[in-house]
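*Asks:* Next up is a structure, given as structure tokens.
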Amino acid sequence: MKQPILEYPGRAKAVLEPLAPRAKDKRLPRRCVLCFFTEVIRKLSRRGELELVKQLHGEGDPIQIHVLGTGRRAVSVCRPGLTAPYATVVLEQLIALGCNSFIACGGAGVLDGSIEPGRLLLPTAALRDEGTSYHYMQAGRYSRPHPQAVTAIRKTFAQNNIEFIEGKTWTTDAVYRETPRQVKRRRAEGCLCVDMEAAAFFAVARFRKVRLGQIFYAGDDVSGPEWDSRNWRKLKKTREELFWLAVEACRRLPTRL
């Protein structure tokens, strides 16, 4: 008998599907930036650059959805929340509300200490060491971002003369179970970094037939015998610049599927 995680449900309709928008709901811009940087969203909100248009309610604080810009340049902006299960629930709702072209931006731990803090990373595949993606894709080792999103990110980096590294990321649910042995194995497989959402993001996007890519900046270091935070959350300038790069890349994406 298969383990439940391997019992792929296929494309059958679920008992609970994402909530469709009501007639009176304001339609969201189809392009959307999934930003993990709370302080960046708060700063832009205080400056009046983001308009709060909707909140998703559940347990805990509501998830706020903002809009940046107007007209054809308008972009939805949302902080999806940490971990694959939480973040993909938010992603599912955004898709149901009309978004179809996504760029996510966040930080990731590096598996190679020579990758300096703040260096930008472009994941071209995500090792599926979490649970959520297995409910959206057949069992397999990797999920991948949409090629149009990857191209948009590359063009944005080139336009801004930004150096970056491409490669695999390791997506895991268990941040406190990244053992030295596992890190060594993942690094040998070609993973540059470790995160908690990318594999699921890519799988959901493929299942729902939308575009999604992701950008990381190199944060903490898990390559040694002990964790090194490298003060990664204090790279405020890097975090805000990465947000604007994600916006630029997102605006390169088409809105028709």
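*Asks:* Name the single residue, out of those in segment 146-176 being under 21 Å from residue 248 (Cα atoms) and touching a Ser or Thr at 6+ places or on another chain (Cβ under 7 Å), that is surrounded by the most Cβ atoms within 10 Å (Cβ to Cβ).
*Replies:* Taking segment 146-176 as the starting set, the residues that turn out to be under 21 Å from residue 248 (Cα atoms) are 146-166.
From what is left, the residues that are touching a Ser or Thr at 6+ places or on another chain (Cβ under 7 Å) are 150, 166.
Working: 150: 19, 166: 14.
Filtering segment 146-176 for residues that are under 21 Å from residue 248 (Cα atoms) and touching a Ser or Thr at 6+ places or on another chain (Cβ under 7 Å), the one surrounded by the most Cβ atoms within 10 Å (Cβ to Cβ) comes out as 150.
*Asks:* Within segment 95-113, does at least one residue satisfy the condition of being of a type in the set (Val, Ile, Thr) and touching a Cys at 6+ places or on another chain (Cβ under 6 Å)? Give the steps one after another, and end with the answer.
*Replies:* Quick first cut of segment 95-113, residues of a type in the set (Val, Ile, Thr) only: 95, 103, 110.
Among the residues that remain, those that are also touching a Cys at 6+ places or on another chain (Cβ under 6 Å) are: 103, 110.
Within segment 95-113 (the criterion being of a type in the set (Val, Ile, Thr) and touching a Cys at 6+ places or on another chain (Cβ under 6 Å)), the answer is yes, since at least one residue qualifies.
*Asks:* Okay, next question. Considering segment 198-247 alone, what residues qualify as being touching a residue at least 40 places away in the same chain (Cβ under 8 Å), charged (D, E, K, R) and assigned to a loop (DSSP other than H, G, I, E, B)? It would help to see each step written out before you state the result.
*Replies:* Initial filter on segment 198-247 (touching a residue at least 40 places away in the same chain (Cβ under 8 Å)): 198-225, 228, 230-233, 235-236, 238-240, 242-243, 245-247.
Now narrow it down to the ones that are charged (D, E, K, R): 206, 208-209, 211, 220-221, 228, 230, 233, 236, 239-240.
Scanning segment 198-247 gives 209, 230.
*Asks:* Which numbered condition trips up residue 145, out of (1) modelled with pLDDT of 95 or more; (2) more than 14 Å from the chain's Cα centre (by Cα); (3) of a type outside the set (Gly, Ala, Ser)?
*Replies:* (2)
*Asks:* Follow-up. I'd like the full set of residues that are of a type outside the set (A, V, I, L, M, F, W, C) and either touching an Asp or Glu at 6+ places or on another chain (Cβ under 7 Å) or in a loop (DSSP other than H, G, I, E, B) (or both), limited to segment 19-53.
*Replies:* So in segment 19-53, the residues of a type outside the set (A, V, I, L, M, F, W, C) come out as 21-22, 24-27, 29-31, 38-39, 42-43, 45-49, 51.
Within segment 19-53, 21, 22, 24, 25, 26, 27, 29, 30, 47, 48, 49 qualify.
*Asks:* Further question on the same structure: Condition (residue is in contact with a Leu (Cβ under 8 Å, 6 or more places away or on another chain) and within 24 Å of residue 72 (Cβ to Cβ)) applied to segment 107-124: is it met by at least one residue?
*Replies:* no
*Asks:* Which numbered condition trips up residue 16, out of (1) part of a loop (DSSP other than H, G, I, E, B); (2) of a type in the set (A, V, I, L, M); (3) touching a strand residue (DSSP E or B) at 6+ places or on another chain (Cβ under 9 Å); (4) closer than 20 Å to residue 207 by Cβ?
*Replies:* (3)
*Asks:* Output the residue which, of all residues in segment 19-51 that are exposed (fewer than 12 other Cβ atoms within 10 Å of the Cβ) and under 23 Å from residue 239 (Cα atoms), is nearest to the chain's Cα centre (by Cα).
*Replies:* 38
*Asks:* Within the bounds of segment 178-185, is there any residue that is outside any loop (DSSP other than H, G, I, E, B) and under 21 Å from residue 120 (Cα atoms)?
*Replies:* From segment 178-185, those outside any loop (DSSP other than H, G, I, E, B) are 180-185; that's our starting set.
The next check asks that each one be under 21 Å from residue 120 (Cα atoms); those that pass are 183.
Yes, that holds for at least one residue.
*Asks:* Right, here's the next one. Could you list all residues from segment 112-138 that are surrounded by fewer than 17 Cβ atoms within 10 Å (Cβ to Cβ), farther than 20 Å from residue 227 by Cα and not polar (S, T, N, Q)?
*Replies:* 131
*Asks:* List every residue pair whose Cβ atoms lie under 7 Å apart, where the two residues are 6 or more positions apart in sequence or sit on different chains, the first residue falls within segment 135-147 and is in contact (Cβ under 8 Å) with a residue 60 or more places away in the chain, and the second residue, located anywhere, is part of a loop (DSSP other than H, G, I, E, B).
*Replies:* Pairs that qualify, where the first residue is in contact (Cβ under 8 Å) with a residue 60 or more places away in the chain and the partner is part of a loop (DSSP other than H, G, I, E, B), are 135/9; 138/8; 139/8; 143/137.
*Asks:* Can I ask one more? Assess whether residue 91 counts as being assigned to a strand (DSSP E or B), out of contact with any Lys or Arg (no Cβ under 7 Å at 6 or more places or on another chain) and touching a residue at least 24 places away in the same chain (Cβ under 8 Å).
*Replies:* Working: assigned to a strand (DSSP E or B): no; out of contact with any Lys or Arg (no Cβ under 7 Å at 6 or more places or on another chain): yes; touching a residue at least 24 places away in the same chain (Cβ under 8 Å): yes.
When the stated conditions are applied, residue 91 does not pass them.
*Asks:* Can you tell me which condition residue 105 does not meet? The list is (1) buried (at least 19 other Cβ atoms within 10 Å of the Cβ); (2) under 15 Å from the mean Cα position of the chain (by Cα); (3) farther than 22 Å from residue 150 by Cα, and all the others hold.
*Replies:* (3)
*Asks:* Given the criterion out of contact with any Leu (no Cβ under 9 Å at 6 or more places or on another chain), touching a residue at least 60 places away in the same chain (Cβ under 8 Å) and either part of a loop (DSSP other than H, G, I, E, B) or closer than 20 Å to residue 107 by Cα (or both), identify the matching residue among 193, 250. Quick ask: steps written out before the conclusion?
*Replies:* Working: 193 fails: out of contact with any Leu (no Cβ under 9 Å at 6 or more places or on another chain).
Criteria check complete, one pass: 250.
*Asks:* Which one of the conditions (1) at pLDDT 95 or above; (2) part of a helix (DSSP H, G or I) does residue 72 fail to meet, given that it meets all the rest?
*Replies:* The number of the failed condition is (1).
The values are calculated or read from the model by the stated rules, or taken from the named source; none is laboratory data. All values derive from a computational prediction rather than experimental measurement. With ideal geometry, Cβ positions are generated from the backbone for all residues, glycine too; neighbour counts draw on all protein chains shown.
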